Amino acid sequence: MSRPENADLNKGSLMLHRPSFCNGASLRRWFAAGASFGLGTLMGLHSALAIPIYTEGVERAIVVVPDQSSQATLYAARELQRHLNAATRGSFKIKKESELIPNDPAKPIYVGDTVAARKKGIPVDSLEKNEFAVWSAPEALYLVGKDDPTAEAPVDDRLAMGSALAVYDWLDRSVGVRWLWPGEGGMVIPRLGELVAKEGPMVKGKPAYSYMQLRLYFRYHVSGKPSRYGRSDSLQDRSFEANSEWMLRHKILRTSGADNYYGHGFGDYWERFGKEHPEFFALRADGQRGPVDTRTYLTQMCVSNPELHKAIVKDWLATRTPESPWINACENDRRVIDPFCMCEVCRSWDVPEAKIAVQDNPWHIDSRPKAKIDPYESVSMSDRYARFLLEVLAEAKKHDPNAKVVGYAYSSYSDPPVNVKLNSDVIIIVVPPYIYPLDKGSEGAVRKLWDAWKATGAQLAYRPNDFLVGFTLPYIYPTQLGRDLKHFMDNGMIAVDLDSTLGMWGTQGVSIYLTARMLDRPDLSVEEILAEYYGAFGKAKDIVREYVAYWEGVTAKCDTNFQKAINGGWGVMMNAGHKIFTADTYKKGFEILARADEATKDDKVTNQRIAFLRVWLEHAELCTQAIEVYQSINPSSPTEDDKARLNLVLNRLHKFREDNEKFLIGANWLFLQRNEPWRNWKG
Ligand SMILES: [Zn+2]
């Protein structure tokens, strides 16, 4: 999970790429109009050698792949072809390297590990996983990466797909392609009368972080293992593929495979050790140790027990590799009824006066009567868990001095420890105990938490749950999200795992685009990225900016007071979305979109993007109506009238989804259905 040192490479490639393509037609138009250019720009454009790709209505280049291409390499070539065709309205060919005719006037664009790329001296073998090279040379354009022969592009986000990354990086920086959302309608491809590649040096690049994930279907597809993906042509499968394609275009990949080394770590320990070593598990108030019920994977551990540390290290030794020195010491997940260990030693590691900063953790809904809550539960567990991580690390270092230990900042150990000092061999995965939007006046809360953890000396990864909260609604907070994520990126973030997108592209797409684009291009500012997004709506760009700001303002009403009154935790919108997103708010939203529709009616492509927003808003309104009806009935003993009302709105919702599949294709259907309040409704 180390941060790749490619900042300078990115800068270099900007210098290469930004001026390396020009739109000849536009340039001529600007000249004719007498527009003024800096002398340097003019000199640069005219003095450079250029590879023509598309001029005077003719394709001047051929996409060339190795004779033996993997699926991932072919995928990269087809993506290039698809985008070149769309940009020029041309019809570009893909050929195998051996099919090239000597002295063919068409210039090759080599994709992948070709003989030509190796002859040119591109160090293909020394490229790291998902590292890529772009070289615009006088004789050809090289878009080179190493592709895993078993990778199934675009869905295998743990395997190497470097050639596709080279293609996408070039399309982004040199052609100006933007991918707003999955599928055809979200592809924003400039129409170019001419396309030429200016000569420049080889530039290498790689994803800005070696581990990035915007979670899709949980365990839907696992490389090399049986998965649910690919069994049919179902809407789920097609949506999964469209989302995966979009992620790959933004280089959101699990390159380092780090998720093998974190996550609630002891889920099977009760089964494995419960009989023989009950002392590994939390001591409860009743004097027993272990789980409180059948959900054994939620039992907490007796983290001060040195034998437990040895057992964890033993597990690690069995699977560790020199490249992956991470020990998973992330405590199990828990409900508020799953107690932390009450043994004397564990408690002696606590700092009783250090109270948890956010007592109502939104990820742990607590509906117990206050009188039933042990006052000790307000004590922060962070010093206890920080010491646990250091003890496990020390045990591991007896075997490997490069060992690193991974733990969470989560639950009652969300705050930084008060007394225990950590170090850079400790990786803390931060799950902030907040729900966006943050209240006015407290907008800095998550950044403050981040900085405090950073001050412990640990390395930090960011793993929020927030994308789950908005359900299907236009629940967005791009200003706060952009400001905070930028802060984490600028202050030592080494990896990111966002749990989870429901794929609500037409209502929450601005947040998802902003996140992915920031991670792909750390050199861009939040405002530059938002300008790209709005710019895709042509003459309606300012109206869409207003539209986003409008929903951001509505979302802000879901403040802490509202969240507490609902006590819905992260399900606040699923339970009470209709109280914030009222019929009146939707009416106003549709009014803004009607103006955007009017502004773009002479531009079919852009107008379809407005239609996309409208369909998703209609979908959100239907979902909101369903929430309202569902919350008004008792689903376990509904009256006939209740049944009729809920069935009516659900039937309308399901029919709407069927009728508008073309726009709704990127939704994370499987996960969405798991989150719908009416998921168990039998009608
Ligand atoms: Zn204990």
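The values are calculated or read from the model by the stated rules, or taken from the named source; none is laboratory data. Just so it is clear, the structure is predicted and the values come from calculations on it, not from any experiment. Here Cβ is always computed from backbone atoms with ideal geometry, including for glycine, and neighbour counts include all displayed protein chains. For the accessible areas, the whole protein counts, side chains as well, though only heavy atoms, and no ligand, DNA or RNA atoms are used. Shrake-Rupley method; radii C 1.70, N 1.55, O 1.52, S 1.80 Å.
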Run the quick spin-label model on Ser223 and Glu184: label points 7 Å from Cα toward the beta carbon, then report their separation in nm to one decimal.
3.2 nm
Ser234 accessible area, 1.4 Å probe, all protein chains in place, Å² to nearest 10:
30 Å²
Assuming R0 = 45 Å, what is the FRET efficiency of Ser91 and Asp360, from their Cβ-Cβ distance, to the nearest 0.05?
0.15
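If you count only protein heavy atoms with a 1.4 Å probe, what accessible area per residue comes out for region 542-663, rounded to a whole Å²?
Details: 6010 Å² over 122 residues.
Result: 49 Å² of accessible area for each residue.
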Suppose every K and R has +1 on its Cβ and every D and E has -1 on its Cβ; what is the size of the dipole of the chain about the Cα centre, in Debye to the nearest 20?
680 debye
Round to a whole angstrom and tell me the spacing of the C-alpha centers of region 57-119 and region 467-499.
38 Å
If we count every other residue with Cβ under 12 angstrom of Ile122's Cβ, Lys/Arg +1 and Asp/Glu -1, where does the sum land?
+2
What does the helix-only formula give at 222 nm for the chain: each DSSP H stretch with n ≥ 4 adding -39500 (n - 2.57), the total divided by the residues, and the result rounded to the nearest 500 deg cm²/dmol?
-12500 deg cm²/dmol
In Hz, Karplus ³J(HN,Hα) per residue of region 481-490 (6.51, -1.76, 1.60; θ = phi - 60°; x = Gly, Pro)
4, x, 5, 6, 4, 4, 4, 5, 4, 7
In what sequence, highest mean first, do 283-293, 515-525, 473-483 appear when ranked by Cβ atoms within 10 angstrom?
473-483, 515-525, 283-293
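Where does the charge balance sit around Arg595 when Lys and Arg score +1, Asp and Glu -1, over other residues with C-beta under 15 Å from its C-beta?
On the way: positive: Lys539, Lys541, Arg545, Lys587, Lys588, Lys601, Arg609, Arg614; negative: Asp542, Glu546, Glu591, Asp597, Glu598, Asp602, Asp603.
Neighbourhood net charge equals +1.
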Using only Cα atoms, tell me the angle between helix 306-319 and the longest principal axis of the chain; keep it within 0 to 90° and round to the nearest 10.
30 degrees
Multiplying the sequence separation of Asp490 and Arg191 by 0.36 nm and subtracting their Cα-Cα distance, what value in nm do you get?
104.1 nm
Of all chymotrypsin sites (Phe, Trp or Tyr not before Pro) in region 172-269, which ones are in loop regions per DSSP and have a Cβ with at most 12 other Cβ atoms within 10 Å?
Phe218
Taking amide H atoms as placed 1.01 Å from N in the peptide plane, list the residues 5 or more away in sequence, or in a different chain, whose amide H sits under 5 Å from that of Met161.
Asn130, Asp148
Using Cα atoms only, what is the angle between the long axis of helix 382-397 and the major principal axis of the chain, expressed in degrees (0 to 90) to the nearest 10?
70 degrees
What are the residues whose amide H is under 5 Å from the amide H of Ile53, where those residues sit 5 or more places off or on another chain and H is modelled from the backbone?
Leu195, Val196, Ala197
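For Leu100, Leu308, write out the residues from largest to smallest accessible area, computed with a 1.4 angstrom probe and no ligands counted.
Values: Leu100 50, Leu308 0 Å².
I get Leu100, Leu308, largest accessible area first.
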Among the trypsin sites (Lys or Arg not before Pro) within region 615-680, which fall in a DSSP loop and have no more than 11 other Cβ atoms within 10 Å of their own Cβ?
Arg679
Ratio of alpha-carbon Rg to the 2.2 N^0.38 Å globular estimate for region 482-580, to two decimals, please.
1.22
Once phi is turned into ³J(HN,Hα) by the Karplus curve 6.51 cos²θ - 1.76 cosθ + 1.60 with θ = phi - 60°, what whole-Hz value does each residue of region 419-432 show in order, with x for glycine and proline?
9, 7, 9, 9, 8, 6, 8, 10, 10, 9, 9, 8, 10, x
Could you state the angle between the C-alpha long axis of helix 640-659 and the longest principal axis of the C-alpha atoms of the chain, as a value from 0 to 90 degrees rounded to the nearest 10?
30 degrees
In whole Hz, the Karplus estimates of ³J(HN,Hα) for region 408-415 (6.51, -1.76, 1.60; θ = phi - 60°; x where Gly or Pro) are 9, 9, 7, 6, 7, 10, 6, 7
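With only Lys, Arg, Asp and Glu charged, each at its Cβ (+1 for the first two, -1 for the last two), find how big the charge dipole of region 480-613 is about the Cα centre; round to the nearest 20 debye. Before the final figure, lay out the partial values.
Details: 16 positive and 19 negative charges, 82 e Å.
Using Cβ point charges on Lys, Arg, Asp and Glu, region 480-613 gives about 400 debye.
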